[in-house]
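Contents: one structure, followed by commentary.
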Amino acid sequence: MEIVTWVLGGSLVHQDSLGTAASSIRAGAADERGTGILHSEKNDSWRLDDKRAEHEEPVHFVQMWVVPDEPGLTPGYQQLEIDAELATGALVTVASGLPRYRDRTAIEINSSHSAMHVARLSGADQAVDLPDAPYLHLFVARGEVEMEGVGTLYEGDAVRLTRSGGQRVLAHTPAEILVWEMHARLGAQ
């Protein structure tokens, strides 16, 4: 299983059975690990950063699982900071196995039919266009947005679309959206 963790607020400590040193994952960082890794994420990154006091901000994160193209691959771990790209307000490719995103992907996953994008919209009617794909899943991680053809979506809302793309998502307030683009057929082996 390809597991992608996206931190929205606070921070996590990642440790795993590959010997990855304890590292802190904060908002704006993508984290991925593959099948076969024993791992933990804990809300105690203050132990790494500031041993004097615990963090006051609770951790808020989304963890997504994607079936890999083939079983039995060597496990791996990646973590990358992409805050600068997110500050542009564009739809940023965070994790992907799709060849067309290879040059602009933060994390490569072993799923040649999937890509995850994130946009941090400042509000003030800032907008992004969704990619064209057979299947899309949009999750409003924070804020309020207007999705063309759907209507107003609030924090925690999700929309699944088939044979779609190009819809405009407009932010009424500062917002963050996560978008999975999928090209595999349902039931494909």
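Every read-out reported here was derived from the displayed coordinates using simple, explicitly stated rules and does not represent laboratory data. Note that the coordinates shown come from a computational prediction; the quantities given were computed from them, not determined experimentally. When we count neighbours, we look across all protein chains shown, and the Cβ atoms used for this are built from the backbone with ideal geometry, even at glycine.
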Next item on the list: Using amide H atoms built 1.01 Å from N in the peptide plane, name the residues 5+ places from residue 8, or on other chains, whose amide H lies under 5 Å from its own.
Entry: 60, 61, 62
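Net charge within 13 Å of residue 154 by Cβ-Cβ distance, Lys/Arg positive one each and Asp/Glu negative one each, not counting residue 154 itself? Could you put the intermediate results ahead of the total?
Working: positive: 142; negative: 144, 146, 155, 157, 176.
Residues near residue 154 contribute -4 overall.
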Next item on the list: Search the structure for amide H atoms under 5 Å from the amide H of residue 133, placed 1.01 Å from N in the peptide plane, and list their residues when 5 or more places away or on another chain.
Entry: 164, 165
Next item on the list: Could you pull out which residues in segment 111-142 have an amide N less than 14 Å from a spot 7 Å beyond the Cα of residue 173, following the Cα-Cβ vector?
Entry: 121-125, 140-142
Checklist line | Calculated from backbone phi, Karplus (6.51, -1.76, 1.60) coupling profile of segment 106-122 in Hz, x at Gly/Pro | finding: 5, 10, 8, 10, 8, 8, 6, 10, 9, 8, 10, 10, 9, 10, 9, 9, 6
Notebook entry, point to check: At q = 0.10 Å⁻¹, what log₁₀ I(q)/I(0) does a Debye calculation on the Cα points of segment 55-189 give, no solvent, two decimals?
Noted result: -0.34
